[in-house]
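Undergrad: Dropping a structure here in structure tokens format, bear with me for questions.
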Amino acid sequence: MNLIKVLPTVLVVMAFALTAVAQSIEPAVHGVRNDLPRPYVTQRNWGELPEGTGAWAAVTAVEPSPNGQFIYVIHRCFENSCENRPEPPILKYDYEGNLQMAFGAGLFIFPHGATVDHEGNLWVADARGNEEIGHQVIKFSPEGEILMTLGESGRGGSGPNLLHSPNDVVIDPNDGDIFVTDSHRGGLNNRVVHYSASGDYIKEWGSKGSAQGLISEPHTIAMDSRGRLFVGDRENNRIQLFTQEGEFIDEWRQFGRPSGIFITPDDRIYVADSESGPDTGAKELMGIMKGIRIGSAIDGSVDVFIEDMEPLRDDHSGAEGVGVDHEGNVYGAVVRRRMLERHVLN
């Protein structure tokens, strides 16, 4: 065989192959891919609204209970605030979307992130306050009874006894320790606060900044099966991983701009990006589609995308909160467009 004659043909074939591969893979922007598989079908008619309610208010969190019996939906009463409103912001559903009960009226200004602990209790953060209520995290029993509060009602601040615009909360299933991300945009603290199961202050870490371990708007928090904490450092467009002692482990940027994080028991991670796209002045990522990115909390790989209805809209239109039920259905809590989304595998 004449290798000199064959070699050009081989090179041409290789060139065509490389070109085809390059054309089939969209380049990542800021380490985030927009071309991931999209195997989910979106539903926007799930969930019975309370009697007399014609439409959703801003939906901020969707939290399935660990026993697979109930799903809690947190909303902001009317449009985008519960201040001086009579509506209960916490709605409890069965898996068919039938409303079982509603509670929490008069307790919140700006209900935000939430979690259901291993005992089935619901925790809800209030990211605003007035002179009477707000700036707290409230723990409810499944029947809606208040079991605990963190922070002082209506008084925002720093230090061990106060919170200022807390965003989210997560509970360690092993010892019941509590971790709160504090504060929302314009808040004082930009920290993670660690409490004992009984609500006693243990420690805190973080302050405003962009270096590793510093935080700028800790908008959400979740915990994996190893007890590691995943903090949505939203204004820095990254997730920061910490030990429960506050030691920095890693930072992940491949999931986009994190507004909400949910981790299932098998360490699948779901990250809601409601703000990427055109830059509105809040340090958003340019060229990134809004939506929910799904991958592994073990190694940080990303393999599935649920594209938002308006993925490149200028304002912050995507789902902020995200929850996953025991059947694998994914729920998106949409604030700006005021709706609840349910995503089902096709």
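Any read-out appearing in this document is the output of simple, stated calculations on the displayed coordinates, not a laboratory observation. Keep in mind it's a predicted model, so treat the numbers as computed, not measured. With ideal geometry, Cβ positions are generated from the backbone for all residues, glycine too; neighbour counts draw on all protein chains shown.
Undergrad: With a Förster radius of 25 Å, plug the Cβ-Cβ distance of residue 96 and residue 203 into 1/(1 + (r/R0)^6) and report the FRET value to the nearest 0.05.
TA: Once rounded, the FRET efficiency stands at 0.05.
Undergrad: On to the next question. Based only on other Cβ atoms within 10 Å, what is the fewest-to-most ordering of 77, 82?
TA: 77, 82
Undergrad: Further question on the same structure: Along the three principal axes, how long is segment 54-345 when you take its alpha carbons, biggest first, rounded to the nearest angstrom?
TA: Result, largest extent first: 42, 42, 37 Å.
Undergrad: Would you mind computing, in nm to one decimal, how far apart the modelled labels at residue 46 and residue 80 are, each placed 7 Å from Cα along Cα→Cβ?
TA: Distance between the two pseudo-spin positions: 2.5 nm.
Undergrad: Still on this model: Would segment 205-319 count as rounded, prolate or oblate if I go by the C-alpha gyration tensor, calling it rounded below 1.5 in a/c and otherwise prolate when a/b exceeds b/c, oblate otherwise?
TA: In terms of gyration-tensor shape, oblate.
Undergrad: By count of other Cβ within 10 Å, fewest leading, how are 72, 331 ordered?
TA: Taking fewest neighbouring Cβ atoms as first place, the list is 72, 331.
Undergrad: Where does segment 297-336 land on Rg(C-alpha)/(2.2 N^0.38 Å)?
TA: For segment 297-336, the normalised Cα radius of gyration comes out at 1.37.
Undergrad: Still on this structure, please answer the following. Within 10 Å of each candidate Cβ there may be at most 15 other Cβ atoms; applying that plus a DSSP loop requirement, which trypsin sites (Lys or Arg not before Pro) in segment 236-299 survive?
TA: Here the trypsin sites (Lys or Arg not before Pro) that fit, given the DSSP loop and packing criteria, are 283.
Undergrad: Assuming 0.36 nm per residue, please report the length gained on full extension of the stretch residue 338 to residue 307 beyond their Cα-Cα distance.
TA: 9.4 nm
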